Structures are given as C-alpha cells and as structure tokens.
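Undergrad: Below you will find the structure I want to go over with you.
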Amino acid sequence: MRKMARIIIYWCFCSAVLLLGIIYTTYLLGKTFWTNPQIQYKTAHSEERQDANVQNIFDDHINDFIVVSIPSTTDNLTSKNVVNTNIKASKTVLIADHETKNNIALKIASKTLMENNFVYVSEIMKTDIPAQQKLKQQPQTISDKYTTESTLLPIRPKMYLNDLPLEMGFQPYVDVEFPTVESDTPRIPHNIHQIWIRVPDSSSTPDMSVPDTFVNYMVTFPKFNPNWAYYFWTYNTSRKLLQDRHPGLLHFFDNTTQMVVKADLMRYVILYEFGGLYADVDTTCLRPLDIVSKKYSCILVLAPFEHAAMWLNGPYQICNGEIFCRAKHPFLKYVLNTIANLKDAGKDAGKDAGKDALVIGPEFFTGQYRLYNNISKEDEYRIDLFADIGTPYFYKGERSVTGDDGIFIGNTRYFLDQPHPSLRQGIKKQCSNPTYQSSVRQRMCAVVKKLGFDRNPGKFTFLTHAYSFSFSAAAQKQTKTYIQIENIIPKYNVYDIQTGLVKTVYRSNFSLARRS
C-alpha cells in the first residue's frame, strides 16, 4: 500500500514538472512573438493579405464585362455624349476556389441581350489562371489630361484568342457613342484628304477630276463636316509635295508602276505633313466626325474580321483606306522610314516593289502597327480581354492609347463592319464544311452565324466603304467618265505645284493662296 502511494506521488510530480515545462516553453514562444515585429506582422496580416489578394482581383475586374449605358439622346448628330460606366449595373463576377494556392478561377458572366442604350458582353464560362500568373500590380501609373484618374497598370496573365468561346467572336458588340472628351481643341486636325492618281497623258481629262462613280461617296464628307478643310490630291500635287518635303521618297514614287502604290505612299506622307482623316474616294461619311478627333492622337480602322480570316487566315487586319492621325505622329514617321528603306535595299527595289499592288497596303500597314507597338509574332493571337470594353480583343501592346504617340483602334461597328461582297460565297462555302477549318475561320463562322453577313450601319457608325478595288485589272479596263472636283466639292484645298503653297479653291473660281 505504501509502495503504491509512492508511485502515485512520483507520477504526480513528473506530471507537474512536465506541465511547468510546457507553460514555460509557451511563455518563451509568446514573448518571442510579441517582441518580433516581422513575426507579428506576418501573423497579424496573413488572413488580411489573403482576403486582399482576392479583393484586388475582384476590384481589378469590377468594371470588366459590365453593362455600359449612355444617357438617352434625342439628337445623336449634335450630342456630346461621353460613355459612362455604370458600376452598379447588373453583372456577375465570382471569385471561385480562392482558398487554394494553386488556382484562381474567374467566372464572369453577363447576358447576351443587346438594347439601344446598353452593351452586353458575351459570356465567359470559366478561365483558369495558374498561380504563377496571378494578377499583380506594376509600380507604374497612367495619368494624363485624357484620363479621369490615375490608374495602376495590372500585369495581365497572357490569354489567347482560342481561350475564348467561338461565340464571343473577335470583339464585343457595341451600341454606344464613340469614346470622346469635352474639348474645344481637337487632337486630330479637321482636315479631310482624298486622292485620285492617274498618270498625266495627252487626253483632255483635267488632272483635278475623278470618275463619276465616286461622286456620291465624296459629297458626303463636306455635307456632314462643313467646317472641316477638304484637300484633294493628284499625281502632280503629290509629286510636288514629295519633291518639297520628302525628296528621299521620290525614287519609290517614280519607279512604282502601280497607281495604288503611289496612292498608298501619299496617304502616309500627307497625313504626316498635315494630319486629319484620309479616306478612299469610295468611302461614305454617315455623320459628323468632330467627336472622333478629340480624345486620341491617332485612330486606325480595322477591316471587317472576315477579311483577315478569309484572305490572310489571321486574326485581324488594319485597313489603310481610312486613317485618322495628327500631323508628325511618330507612327507615320516609322512607316515612311520603312518605305524609304525599301528603296535602299537595292537600286531597283522601288521598281520591283511597285509590281505588287499591295506592297505597302493593308498587310504592310498591319505589320508596321505591330512593330511600332512592340507586338511580337507570338503575340499575334494574344488578347487583352480587360482593355477598353469597346475595343477588339486582340493585344495592342503596352503603349497608352491616349498618349501623343499612342494609337487607338476602335470597334468595327464605328467604321467598317460590312464584309466585302465578294466574300459572301466563299464564307458560305467555308462555313458549310467546318471539318478542315482553322480556328480563326471557325470563329469567323460563329460570328457570321450570329450577326449575319449583311450588317446595316448602326446609329453610331461614322463610315462605310464600297470596296470598289479601283486598282484591280478589271477596274482599270472600265471606261470612265470624269467629273472635275470643283463640280463636286464647293470649297477645297490643293497643293500648288508652282509655289508649294496650299491654295483654297472655291466653286466661284475665286482662290486664296496660303502657307500651311
């Protein structure tokens, strides 16, 4: 009995010693925790940082894929609407599986219903983003007079066109006013430039004239833009401008055998020197262009996506038939330097290049845009889904679109949305047998199925293009009746081949020379 009591006492003593040891160890650890700032900070903010990480992602997408509304307007042609983002609009942005450290799944959904005053972006069912590509913040801000506030630039995970459902197409469907700002000073000057180049011959056709098939298109520009200056350029005035200001390009101009190549060169030169809008003579203006000129320093116009899919088997192509740009823009200088180097490649390079009617046309222009904005070949199919909601999805580089050297590319609904009529049967045939289609053409077929081939201009559309392809062999053989410019445009500017001055010509034959 006495032995049993000793055992119990010994066991209690050992337990007490062990308990005291645990208490003392806990005390030491606690003292270390409360006196070590790093451990204290990490522990105290661990849960907060995890929640903030999720909240940052949510905040980063709070304005993505939402319904965008504009105030109703009774007079669209004179309104000064600026697109307003309604952050309380109906939307779904769900952060799923954020407890795990391996994935962040973003599920962003919105209705596909489209109404006059709203934009609904097609549904993205799910996008899985690897942990190493979680959204982070760059230590860089954008802030200029054309943005309402400073904004941290997020480092986006790379996504590609095939990551999107086919039904989303190449861009969101928009039915809102073109983005603009309240300003009395346009960033793009109010000049309209059109070109018709024919080599002077022994015929009695005046140099300042165009085929009558283009008259109904051309008159729409002064009709809707009476306060814009209208410039008309010919073979003689174009060559004089090159001689005066870009003599290094004369070799290319003179040795190019295709008239369309001369015209392609001159549109880049003219916009670089004068700024404004260049438009092919088969372009129709549907409404005033003033608001287009206010927010951006340069605006390039996309060809309908069907063109790139069918002719290039590519995701997009930039059209050079309509270009808005300020004078002396570095992108235009970049293009002209490239063309000058074509001449430098060899003695007859300009002559050889001129045999190809598209040598410095849309495909060349698209390539120049990518090089200027440092878009690599591997990024050709890359998308930036979280950019301006109205722009096409494709990646446009990191340059600010509102900067003086920036380039904005708008939705095709604003400018060229109707595919070329010659593609109708080809698209029908292509989409009837999807077995061997490329992914780009599958996407094209999904768009045509959804929107149809024939697309009427919307109330916010500025331009349409007739795609006459006047440089084609068939068009060149057609008999033409020429109309003098003074019988089409009541007041226009020409570059005087004697003085090198810009001369304003009135229908009354009164003229006033001035320096530009």
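Computed from the coordinates by the stated procedures, all read-outs in this text should not be read as laboratory data. On a predicted model such as this, the values are computed, not experimentally measured, just so you know. With ideal geometry, Cβ positions are generated from the backbone for all residues, glycine too; neighbour counts draw on all protein chains shown.
Undergrad: Report the dimensions of the stretch 191-514 along its three principal axes from the alpha-carbon atoms, largest first, rounded to Å.
TA: So the three principal-axis extents are 60, 42, 41 Å.
Undergrad: Just rank Thr220, Thr412, fewest to most, by other beta-carbon atoms within 10 angstrom.
TA: Numbers: Thr220 17, Thr412 24.
Going from sparsest to densest Cβ surroundings: Thr220, Thr412.
Undergrad: Taking 0.36 nm per residue of sequence separation and subtracting the Cα-Cα distance, how much length would be gained by fully extending the chain between Arg6 and Gln478, in nm to one decimal?
TA: That works out to 157.6 nm of additional length.
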